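Encoded as structure tokens, the structure appears first; notes follow it.
The values are calculated or read from the model by the stated rules, or taken from the named source; none is laboratory data. Here the structure is a predicted model, which is why all the values come from computation and not from measurement. A quick note on method: Cβ atoms are made from the backbone with ideal geometry, for glycine too, and the neighbour counts reach across all protein chains shown. Please note that ligands, DNA and RNA were not included when accessible areas were found on the heavy atoms of the full protein model with its side chains. Shrake-Rupley method; radii C 1.70, N 1.55, O 1.52, S 1.80 Å.
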Amino acid sequence: MDASKLALMTTLCGAFGVFSAFGVAILAFFTGGGGLQRISGLLEARAQQKADSVGRPAARWAALSGPAVVWLVAGVIALAVIVSGVGLFTSFFWLHSVAAGVGPASRWAYDSAENMFYFESILITVVTVFAVVAAALAALPAAEHGDSAHQERTSVGQAVEQ
């Protein structure tokens, strides 16, 4: 058995495990930081403004745009976690067959794990960039109120008293 293939599959097996946990952490970051709520709120407000000027079909989109964004982000993260799980299984399957020495290791498992790693790397990168943008949007002051999406403005005197 080629030592470089064994080292690669061991690395991929560990990477897929980390990617699974990373996907869950990103979703927690989205929801806990208020970025996802802020983005869906901005989309709903923008669609509602269009609905007021355009009419009924746009009003329906206004009602669906916020939940659609939430489900889209959750779906992409769920896809990343599923790809990680399948990649973890295939890389472990390959490593197990090599360790057991029961004939040649499956070529499909090696190729699949390698291809899934490329796909997973792109997917996690896109989701991470989206998380950073969502966090930046959540930190920006809201246009109509002048405060951030998850903080309430208080005067300095009130903050000291609290």
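When the range 93-126 is filtered for residues that are in a loop (DSSP other than H, G, I, E, B) and surrounded by 12 or more Cβ atoms within 10 Å (Cβ to Cβ), the ones remaining, listed by number, are Ala105, Ser106. Take the conditions (1) within 20 Å of the chain's Cα centre (by Cα); (2) modelled with pLDDT under 75; Thr154 misses just one of them, which is (1).
Residues in the range 5-27 that are at pLDDT 75 or above, more than 16 Å from Ala109 (Cα to Cα) and surrounded by fewer than 17 Cβ atoms within 10 Å (Cβ to Cβ): Gly17, Val18, Ala21, Ala25. Scanning the range 110-146 for residues that are modelled with pLDDT of 80 or more, in contact with a Leu (Cβ under 9 Å, 6 or more places away or on another chain) and either more than 15 Å from Ile26 (Cα to Cα) or of a type in the set (Lys, Arg) (or both) yields Tyr110, Ala113, Glu114, Met116, Phe117.
Ala149 fulfils the conditions (1) at pLDDT below 80; (2) assigned to a helix (DSSP H, G or I); (3) closer than 24 Å to Val24 by Cβ except for a single criterion, (2).
Does any residue of the range 60-79 turn out to be modelled with pLDDT under 75, of a type in the set (Val, Ile, Thr) and either open to solvent by 50 Å² or more (accessible area, probe 1.4 Å) or more than 30 Å from Arg107 (Cβ to Cβ) (or both)? Write out each step before concluding.
Restricting attention to the range 60-79, the residues satisfying the condition of being modelled with pLDDT under 75 are 60-66.
Subset that is of a type in the set (Val, Ile, Thr): none.
No - not one qualifying residue is present in the range 60-79.
Residues that are at pLDDT below 85 and either in contact with a helix residue (DSSP H, G or I) (Cβ under 9 Å, 6 or more places away or on another chain) or surrounded by 16 or more Cβ atoms within 10 Å (Cβ to Cβ) (or both): does the range 84-92 have at least one? Don't jump to the end; show me each part of the working.
Residues of the range 84-92 at pLDDT below 85: none.
So far as the range 84-92 goes, no, none of its residues is at pLDDT below 85 and either in contact with a helix residue (DSSP H, G or I) (Cβ under 9 Å, 6 or more places away or on another chain) or surrounded by 16 or more Cβ atoms within 10 Å (Cβ to Cβ) (or both).
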